[in-house]
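One structure is given below, encoded as structure tokens.
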Amino acid sequence: MGNLLAGKKGIISGALNSESIAWKVAERCVEEGAQIVLTNAPVAMRMGEINGLAEKCNAPVIGADATSIEDLEQLFTRSMEHFGGKFDFVLHSIGMSVNVRKGKAYTDLNYDWMQKTYDVSAISFHKMMQTMWKLDAINDWGSVVGLSYIAAQRVFPDYSEMAESKALLESIARSFGYHYGTAKKVRVNTISQSPTMTTAGQGIKGFMDFFNYADKMSPLGNASAEGCANYCVMLFSDLSRFVTMQNLYHDGGFSSMGMSPSLIEQ
């Protein structure tokens, strides 16, 4: 433990259960000396186990629908009251597709559900930062991180319109990263993570087949949720002060591979 986040305060969204990347991030941030606030949508809080994490991390839980400006204003205002001032980092780990959940083919999407996917999975990232901006809620040299996936750049048919959501998420990080960096020295990045054994990931059709494929294609194998948590800690720390507006691949080398001899032999 290096106390990389000693004295820092942050908000972690999206922890559902112990399989969640956000759950691992919360644990690692506290281990590295940070104080945190946990948040999730009220329906997810009822389904998950976040209160157990809150007790372990000595952190309050503030429910918020990330698509609601009113909820976000309350989240950030109450967080600043809890911390006694501004905070230093935020994790956006939010994603949902009704079309995927209901097995709708990409060529037969329900467009109302598609709009909901974009709002929850990507536009909420902009809403979070715009609300923080207006409240002047994050300290100079703060760090905002969103979790993405390589389907933003490549075709994974069963990932459906979540692919466009991740592309939008990454674009928002670049665009808001410019404004936040220029005005507040706040950095904004996304992490493109390997397929990971989470509740959300395993809900995607054919997940295990692709998980195994990616693990064999990647020279280092798939990056774990724990590994992603360590990467988030680094991005929240002062070690990454001049890294911003980037989509950073944390995938064992998968994103640079064209073919794998071992897979061809199989």
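The values are calculated or read from the model by the stated rules, or taken from the named source; none is laboratory data. Keep in mind the model is a prediction, meaning the values are calculated, not measured. Glycine also receives a Cβ, built like all others from the backbone with ideal geometry; neighbour counts cover every protein chain displayed.
Of note:
- When Lys116, Lys56, Lys134, Lys127 are checked against the criterion of being part of a helix (DSSP H, G or I), surrounded by fewer than 24 Cβ atoms within 10 Å (Cβ to Cβ) and in contact with an Asp or Glu (Cβ under 8 Å, 6 or more places away or on another chain), Lys56 stands alone in meeting it.
- The number of residues in region 70-100 being surrounded by 14 or more Cβ atoms within 10 Å (Cβ to Cβ), more than 18 Å from the chain's Cα centre (by Cα) and within 19 Å of Ala122 (Cα to Cα) comes to 5.
- Subset of region 93-113 (residues that are touching an Asp or Glu at 6+ places or on another chain (Cβ under 8 Å) and assigned to a loop (DSSP other than H, G, I, E, B)): Ser97, Leu109
- Gly258 vs. criteria touching a residue at least 24 places away in the same chain (Cβ under 8 Å) and either assigned to a loop (DSSP other than H, G, I, E, B) or among the basic types (Lys, Arg) (or both): no
- Top-ranked residue of region 16-51 - restricted to ones that are in contact (Cβ under 8 Å) with a residue 60 or more places away in the chain and among the basic types (Lys, Arg), ranked as farthest from Asn230 (Cα to Cα): Lys24
- Candidates are the residues of region 201-229 that are among the charged types (D, E, K, R) and assigned to a helix (DSSP H, G or I); the one that is modelled with the lowest pLDDT is Asp209.
- Candidates Ala152, Ala173: the one that is farther than 18 Å from Leu91 by Cα, of a type in the set (A, V, I, L, M, F, W, C) and buried (at least 20 other Cβ atoms within 10 Å of the Cβ) is Ala152.
- Of residues in region 1-25 being among the polar types (S, T, N, Q) and either buried (at least 19 other Cβ atoms within 10 Å of the Cβ) or over 24 Å from Ser240 (Cα atoms) (or both), the one modelled with the highest pLDDT: Ser13
- Whichever residue in region 102-147 is basic (Lys, Arg) and free of Cβ contacts under 8 Å to residues at least 40 places away in the same chain and, among such residues, is nearest to Pro195 (Cα to Cα): Lys102
- Inside region 26-52, residues that are assigned to a helix (DSSP H, G or I) and modelled with pLDDT under 95 make up a count of 9.
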